[in-house]
Amino acid sequence: MNIKDKIENLKKEKNAVILAHYYVEPEVQAIADYVGDSFYLAKIAKNTPADVLVFCGVEFMGESAKILNPDKTVLMPDATADCPMAHMATVEKVLEMKEKYDDLAVVCYINSSAKLKTVSDVCVTSANALKIVNALPNKNIFFIPDKNLGSYVKKNSDKNIILNDGFCPIHENISKEDIIAIKNAHKGVKVLMHPECPEETLKEADYIGSTSGIINFVNDCEDDEFIIVTEMGVLYELKEQNKDKTFYFPEPLPICADMKKITLEKVYNCLKDNLNEVEINEKTRKEALIPLDKMLELAK
Ligand code: 13P
Ligand code: SF4
């Protein structure tokens with residue numbers, strides 16, 4: 001029996017579902033029950049009737065699934081797949097800001113540790129950050145951990161947004177010059193970009209949005225070619241839905257090594273032996289649930 005069939009059998013036996021982010025390897029996306037951006041996957045994690053969730057992504061995604069769904073078993077194919085940005089803010093700094101500013105909301109990108117979520121008022125993803133920040137009654141916003149998504153929101157909001165010095169190493173590495181070079185090579189082709197890119201780089205974009213936003217833009221646009229400025233993994237879904245369109249990525253190619261740690265073999269092993277189960281102590285879970293639930297409520 002091949003590995004895909006073995007995974008299928010285990011899924012039935014254990015009443016399990018597989019969730020995968022667009023940045024994981026194509027063969028892993030291909031066997032997943034749900035593939036999507038961070039917001040979509042959080043909603044699925046909250047509502048699935050399955051007993052076991054295998055999360056093909058990085059640590060904060062599995063943690064969020066467990067926080068939202070404490071009675072389910074959440075398994076991670078690779079326990080070391082982590083997002084460096086998730087740890088690029090500190091609880092101490094958040095507490096300091098709460099002391100310093102009146103009328104402050106701490107807005108936490110979902111790409112963050114459970115510990116950071118415990119001191120935050122609301123979570124956001126790149127798909128809903130703008131909508132949620134603008135819906136908050138507070139004047140002052142401390143946006144953690146991503147300075148790039150934070151500065152994109154700041155540009156499109158009247159709030160006093162205080163930035164934190166975190167970033168996604170993959171998107172931070174994409175320079176304005178990289179984009180100018182690819183635009184020169186493909187003149188007139190639209191540039192679709194993820195808001196985790198630096199502020200200067202974002203100025204070169206025709207469209208800015210989450211991974212789902214980028215995919216939807218391509219689906220709805222009649223152009224044949226696109227310059228895609230986010231992690232390469234989205235190419236699989238872009239091609240699935242747009243066989244005849246051509247996609248160009250900037251050099252060096254944006255690849256998240258942590259997302260690429262997930263393999264079919266690891267999915268099979270974790271499902272077979274219940275490996276790398278996500279565990280969060282109940283106090284942390286309850287505190288981190290508040291901003292996640294608030295996100296789901298405000299994003300409706
Ligand atoms: P989205 O899929 O929400 O756009 O997030 C991008 C990302 O960096 C996930 O790690
Ligand atoms: Fe984190 Fe960036 Fe990788 Fe997403 S692409 S998991 S933000 S390092």
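The values are calculated or read from the model by the stated rules, or taken from the named source; none is laboratory data. On a predicted model such as this, the values are computed, not experimentally measured, just so you know. Every residue, glycine as well, gets a Cβ built from its backbone with ideal geometry; the counts of neighbours run over all protein chains shown. Note: accessible area is taken over every heavy atom of the protein model, side chains too, but ligands, DNA and RNA are not part of it. Shrake-Rupley method; radii C 1.70, N 1.55, O 1.52, S 1.80 Å.
Just tell me the longest site-free run in the chain, where the sites are GluC sites (Glu not before Pro) in a DSSP loop having at most 12 other beta-carbon atoms within 10 Å. Numbers along the way, then the final one.
Details: sites that count: 222, 279.
In short, 1-221.
Please compute, for the alpha-carbon atoms of region 170-300, the extent along each of the three principal axes and give them in descending order in Å.
Result for region 170-300: principal-axis Cα extents of 53, 36, 28 Å.
Could you give the dipole magnitude of region 118-264 about its Cα centre, charging the beta-carbon of Lys and Arg +1 and that of Asp and Glu -1, in debye to the nearest 20? Numbers along the way, then the final one.
On the way: 16 positive and 23 negative charges, 71 e Å.
The dipole magnitude comes to about 340 debye.
Please express the Cα-Cα pair-distance distribution P(r) of the chain as a list of whole percents, one per 20 Å bin, running from 0 to the bin with the greatest distance.
34, 57, 8, 0
With r as the distance between the Cβ atoms of residue 207 and residue 175 and R0 = 25 Å, compute the FRET efficiency 1/(1 + (r/R0)^6) and round to 0.05. Write down the numbers at each step before the final one.
On the way: r = 19 Å, r/R0 = 0.76.
It comes out at approximately 0.85.
What is the set of long-range amide H partners of residue 142 at a cut-off below 5 Å, with H atoms built 1.01 Å from backbone N?
Residues meeting the amide H criterion: 105, 106, 107, 162.
Using a probe of 1.4 angstrom, how much of the accessible area of region 1-107 is carbon and sulfur, in percent? Write down the numbers at each step before the final one.
Details: 2150 of 4510 Å².
Taking all protein chains in place, region 1-107 shows 48 percent carbon and sulfur surface.
With the radius of gyration and the Kirkwood radius both derived from the Cα set of region 96-187, what is their ratio Rg to Rh? Write out the running numbers ahead of the final one.
Numbers: Rg = 15.1 Å, Rh = 14.2 Å.
Taking Rh as the inverse mean 1/r over Cα pairs, Rg/Rh reads 1.06.
Would you kindly work out the equivalent ellipsoid of region 1-122 from its C-alpha gyration tensor and give its semi-axes, the square roots of five times the eigenvalues, largest first in whole Å?
Working: eigenvalues 213, 39, 24 Å².
Equivalent ellipsoid of region 1-122: 33, 14, 11 Å, largest first.
Running a GNM on the chain with Cα contacts under 10 Å, which residue among 135, 127, 20 ends up with the highest mean-square fluctuation?
135
Once phi is turned into ³J(HN,Hα) by the Karplus curve 6.51 cos²θ - 1.76 cosθ + 1.60 with θ = phi - 60°, what whole-Hz value does each residue of region 55-67 show in order, with x for glycine and proline?
Coupling constants for region 55-67: 9, 8, x, 9, 3, 4, 6, x, 4, 4, 4, 5, 4 Hz.
Just how large is the dipole of the chain about the Cα centre, in debye to the nearest 20, putting +1 at every Lys and Arg Cβ and -1 at every Asp and Glu Cβ? Intermediate values should be presented prior to the final figure.
Details: 37 positive and 49 negative charges, 122 e Å.
The dipole of the chain has a size of about 580 debye.
How much length would be gained if the chain were fully extended between residue 274 and residue 245, taking 0.36 nm per residue of separation minus their Cα-Cα distance, in nm to one decimal? Show your work: numbers first, answer last.
On the way: separation 29, 0.36 × 29 = 10.44 nm, distance 4.02 nm.
Going from the current span to full extension adds 6.4 nm.
Note down the Stokes-Einstein diffusion coefficient of region 155-216 in µm²/s, whole number, using a Kirkwood radius over alpha carbon pairs, 10 °C, and 1.306 mPa s. Numbers along the way, then the final one.
Details: Rh = 12.9 Å.
Estimated diffusion coefficient is 123 µm²/s.
Given a 1.4 angstrom probe, I'd like the percentage of the accessible area of region 110-236 that is carbon and sulfur, rounded to a whole number. Can you show the working numbers first?
On the way: 2280 of 4810 Å².
Accessible surface attributable to carbon and sulfur in region 110-236 totals 47 percent.
Between region 128-178 and region 270-300, what is the C-alpha centre distance in whole Å?
Computed from Cα coordinates, the inter-centre distance equals 23 Å.
Averaged per residue, what accessible surface does the chain expose to a 1.4 Å probe, in Å²? Each step should come with its number before you reach the end.
Values: 12960 Å² over 300 residues.
In whole numbers, the chain has 43 Å² accessible per residue.
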